[in-house]
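This report refers to the structure that appears directly beneath it.
Values quoted throughout were computed directly from the atomic coordinates according to the rules given, and no laboratory measurement underlies them. The structure presented is a predicted model; accordingly, all values stated were derived computationally and were not measured. Note that each Cβ is placed from the backbone with ideal geometry, even for glycine, and that neighbours are counted across all protein chains shown.
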């Protein structure tokens, strides 16, 4: 009997410090970071051989890691902002509500940052004018929720198209569109001032579950 | 034996895929230790063991899908002998009622009516010593380190949750923490803590600031008959937010009038026949109305403005970007024609065609839906005699166009048949008054009744 998921890729553990801190004092932590390198991250139970063109990824020497949350593979690049939130929440349920609360929180923050028309669609996508501009996942464990989202600011869509075959499952609003026709970009700046401003807006805007 | 069923992980989530087991049959597991990882759409959940004991049986291998409520693990507790692997579920009695398995899971999914009073909590915890007490792992550790039986403590946190302060208070004086008793009303619960779903909290907050507003959770309609429940998503959700914001924030007033567009329609159809097949050749009535509205806005700047309620300022815009509501099949979008004061009717018509097509295909760029200063909604092609539109906040006014119909009217003492376009201007009464609207609409009606006036203004 196989007892474990494939441990073929190292864990994407960039926010483990936040998780540890929240476990300790039960105080919400969040982080906004501009991603520095190109990297592919697959979901906790994702099958790399299905979700990735492994040859294309390997040819470019791009690392692959596995995140704590679920969902399909994503390509991180310097055109992305990664927003992470870890907050205490009792039990292990409430995943749907947690997604909804986090999506609303991000939409409000983005509106304050000057992008008022972002809304949620699919399970947890952020959508602007029918284009996906953010993908999210949750890792839920006893007493806390770890939510992570990738905001597309100036994504390398051509690279995404090369690395990611059409995903094995898709939200209804995708309508079979290719990545380049389905994904969009948030009209936000990526400089340090803009990232800090967004982080402050999000921190101020968190009202809890 | 304790049968552990896959708990409810969230509204609408009925199953999950097993990702990893932390134990095998025969292993000893502590209460709250990780038991199994399960993945639902986009979420991975590490489920802790609700009881300590010896794992007798697990259900579902990695990659298998298990359903909510399905027994996924059987644990022999407190010295019980572990049943032979794979047979425990059929031969052993159920340990605890299902509702007690995951006491905290409902903290977000459903809001409690009220926080329990201290006495009730104490009694509940004492009565079920051995059952998991709602408390964070850090709090449990603290209790263990301080030699305190967590079951004896009355939790002062949401839903009776034991907090670190409760543990310290109990250890210091042997007195259970006291949770304040509050009435079983939503606003009261909202005032004391975060143990509410976002929706209930929002309703409670709204109820507390708007007198007489009585927002209560909807009743369960299912007993009345079959229902289908869909989440509010995408464009529908955005429209909902916009409309509620507008209707709550803006005091709407509607002014109505009829425009005699007989001559305009005769002119339009004649020009349309000549321009058939050319860009902008559809030459819809809307393009003429946009032109007429722009002329009106230049004369009445209050309707091309925005009111900033925080700064208490009116911002008059010296540019004219007219949005038109388009039904895309997937929802309502409002493409914007920019600079309508410097564009010909033909150019406006061409842009309407292009942007409406892009909107229907879902390919309209976001910048083409932003920056509007005034909106027109035209339900005429769909029928109806009149409408009262909702202002596209933060604009100040919106024009609703009804269906052009031939109607008998009196002209020079004679009853004649004319083509009549019903118009409704909804406007923000904070910025403009009824007399302003009457003048604005009268001028609009005059311009639409005489196409030469529109052409002169081009």
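The length gained by stretching the chain between residue B:453 and residue B:275 to full extension, at 0.36 nm per residue less their Cα-Cα distance, is 62.0 nm. Full extension of the chain segment joining residue B:409 with residue B:24 gains 129.9 nm, where the gain is 0.36 nm per residue of separation less the Cα-Cα distance. Counting neighbouring Cβ atoms within 10 Å and putting the fewest first, the residues B:37, B:412 line up as B:412, B:37.
For an R0 of 30 angstrom, estimate the FRET efficiency from the Cβ-Cβ distance between residue A:50 and residue A:17 and round to the nearest 0.05. Once rounded, the FRET efficiency stands at 0.45. With helices as the sole contributors, chain A gives -8500 deg cm²/dmol at 222 nm; each DSSP H run of n ≥ 4 counts as -39500 (n - 2.57), and the sum is divided by every residue. A Förster radius of 30 Å combined with the Cβ-Cβ distance from residue B:443 to residue B:240 puts the calculated FRET efficiency at roughly 0.30.
Based on every Cα atom in segment A:169-209, Rg and the maximum pairwise Cα distance Dmax equal 15.6, 37 Å. Name the shape class, rounded, prolate or oblate, that the alpha-carbon gyration tensor gives for segment B:1-50, where a ≥ b ≥ c are the square roots of its eigenvalues, rounded holds for a/c under 1.5, and otherwise prolate holds if a/b is larger than b/c and oblate otherwise. Cα axes put segment B:1-50 in the prolate bin. Its Kirkwood hydrodynamic radius, worked out from the mean inverse distance over all distinct Cα pairs, puts chain A at 17.5 Å. Only Cα sites of segment A:111-209 enter the Debye sum here, all with the same form factor; the resulting log10 I(q)/I(0) across q = 0.14, 0.19 1/Å is -0.63, -1.08, listed in q order. Between residue B:165 and residue B:70, the C-beta separation translates, for a Förster distance of 41 Å, into a calculated FRET efficiency of about 0.60. Taking every Cα-Cα distance in segment B:237-457 and sorting them into 10 Å bins starting at zero, the pair-distance distribution P(r) comes out as 8, 34, 38, 17, 3, 0 percent.
The alpha-carbon positions of segment B:232-327 define a convex hull whose volume is 171 Å³ per residue. When Rg and Dmax are taken over the Cα atoms of segment A:1-112, they come to 15.9, 51 Å. According to the Kirkwood relation over distinct C-alpha pairs, the hydrodynamic radius of segment B:256-378 is 15.5 Å.
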